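Heads up, the thing below is written out as C-alpha cells.
The values are calculated or read from the model by the stated rules, or taken from the named source; none is laboratory data. Model, not experiment: these values are computed from the prediction. Every residue, glycine among them, receives a Cβ derived from its backbone with ideal geometry; neighbour counts consider all protein chains shown. Heads up: the accessible areas ignore ligands, DNA and RNA and are worked out on the full protein's heavy atoms, side chains in. Shrake-Rupley method; radii C 1.70, N 1.55, O 1.52, S 1.80 Å.
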Amino acid sequence: MNLIYKKLIDFGLSPLFAEYLSIALMILFIVILCLIANFITKKIVIRFITHIVNNNKYTWDNVLLEKKVFHKLSHIVPAIIIYHFAEAFTYQALIEKGAITYIIIVVLSLIGSLLNAVHDIYQTFEISKVQPIKGYIQVVKIIVYVLGIILVIANLIGENPLIILSGLGALSAVLLLVFKDSLLGLVAGIQLTSNDMVRVGDWIEMPKYGADGDVIDLSLNTVKVQNFDKTITTIPSYALISDSFKNWRGMQVTGGRRIKRSIFIDTTSIAFCSEEKIKELRNIHYLTDYIDTRQQEITDYNIKHRIDTSNQVNGRALTNVGLFRMYINNYLKNHPGIHKNMTTMVRQLAPSELGLPIEIYAFSNDINWAVYESIQADIFDHLFAVASEFDLRLFQNPTGNDFKAMSPIQLNKHENELD
C-alpha cells in the first residue's frame, strides 16, 4: 500500500487524500483478487473435481460432492488472501484475527460436512443396520465444535488455547450438567450397539412412551420410532437401557409370527361319542386315519383289560372335544398359512367360568401384519363354523336375543336361579 501511496503523492494529490485513496484502492484490489480466486476455485477447480468424481467407478466421493465438502474448501482461499494483505493496513492485528476466525469457522463447517459424508457412506454398507455410528459422529462433532470455539476465543483474546483448556477443569461440573443428556446418550448408544439391542428398522414396543412401531433413527440423544399410525415417538436413548422394551426383531428374522388365541367350549356340551357320531366324523378327511388308529388302540386296550363296554364310562372311549382338538391340530398342520418348521400345538387350558379354553399356539409363515391377521381370522372363522359338527357349543355370555328367545317359564326359572 505504501507503493500506491507514493504513486498518488507523485501525481500531486494531498497526503490526506492520497492516504484514504490508497486504502480504498488496496481494499478494491483485495476484493478483486478474492473474487478472482473464488471464481477460479469454484468455476475451474470445483468443476474439474466434479468431472473426476462423476466419471470414476467409486461412489463414496459422490457423497463428498453432495455434502459440498469441496465447495466449502473454496471459502478458505479469500480468507488466506485477506490475512496475507493484512499487514498493509493500520489495524493489521484485528484483520488477521478476523481472517483466522473466519478460517476456523469454515474448517469447522468443513469437518461437520465431512463427518456427515462419512455417516452417509457408512450407511451404504450392511453393517450400518447392525452397528449404527450416528451417535459417535455426533460426539465427534461436539468435541470438534468445542475445540473450535476454544480456538476462536483464544485467537480473539490473543491467548494460548492451552490456558483456556486448563480453565475448563473448574467448569467440568457445569459442563457435565449441560451435556448430561449427551453423556447419558453416549453411554446408552455404546451399550445398545455393542449388545445389539436395537437397530434401525427394528419393530419395538415401549408402552411407557407410547411407542409401537419401527425404529427410523438412532442418534446420540434420541431414538425415533414411527408408530403404525404413522405418528413419530421420540424416546431418550438412555431410556432403552434404564427401562424395558420389547423388540420384535426375532419374529422378523425367523419369518414366523405367533398365533396364540383360545376358543371357549361350553362344558355342558362335552360328551362321549356314539358309534353313529364316530362314523359321521370318520368322513372328515383330517380325522379318518386318526379315528381308525385310535379305535383300534381303544378296542385292543378294552379287550386286554376285559372291560365292560356296555357303559362308556368304563375303559377308554373317544370324546367329541378330544376329536375336535385333534381335528384342529391336523387342520393347522395342513393350513398353507402356518409355518411348518415352528411349534404348532393345540392344548386345553384350565377350565374357568367361561368354559373350557382350547388354545391354538402356532406361527404364521408371513410376518406382514395384514396377512397375519387374515390367516388368523381365516383359521378361527373355520373353527367357529365347524364346532357344531362335533356337537360342541362355543361359550359366550347371553345376549338380549338369548333372553328374547327364552319362554316366560324358562325366563322366570333363570331369574330364580340368579336370585
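Quick look at the values:
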quantity	calculated
Dimensionless Rg ratio for region 195-330, taking C-alpha atoms and the 2.2 N^0.38 Å reference	1.87
Sequence-distant residues sharing a close amide H with residue 265 (under 5 Å, placed H)	356, 358, 395
Length released on extending from residue 39 to residue 384, taking residue separation times 0.36 nm less the Cα-Cα span	116.3 nm
Estimated inter-spin distance, residue 71 and residue 348, nm [label 7 Å along Cα→Cβ]	7.5
Projected label distance in nm at residue 229 and residue 399, using a 7 Å step from Cα toward the beta-carbon	2.8
Region 180-256 - Rg over Rh from alpha carbon coordinates, Kirkwood radius	0.96
Selection from 295, 270, 329 lying farthest towards where the dipole of region 244-332 points positive, charges on Cβ	329
Whole-Å distance, taken between Cα centres, linking region 353-367 and region 255-311	20
Of 42/134; 279/340; 57/141; 277/304; 224/333, pairs whose Cα-Cα distance is over 28 Å	42/134; 279/340; 57/141; 224/333
Accessible solvent surface per residue of region 201-297, calculated while the other protein chains remain in place, 1.4 angstrom probe, Å²	55
Accessible-area composition of region 225-368, carbon plus sulfur, in percent [1.4 Å probe]	48
Ratio Rg/Rh [Cα only; Rh per Kirkwood] for region 219-292	1.36
Potential lengthening between residue 298 and residue 251 on full extension [0.36 nm per residue; Cα-Cα distance subtracted]	12.8 nm
Cβ-defined net charge surrounding residue 374, 15 Å radius [Lys, Arg +1; Asp, Glu -1]	-2
Region 321-345 residues near the modelled residue 366 label - backbone nitrogen below 13 Å, point 7 Å along Cα→Cβ	336-339
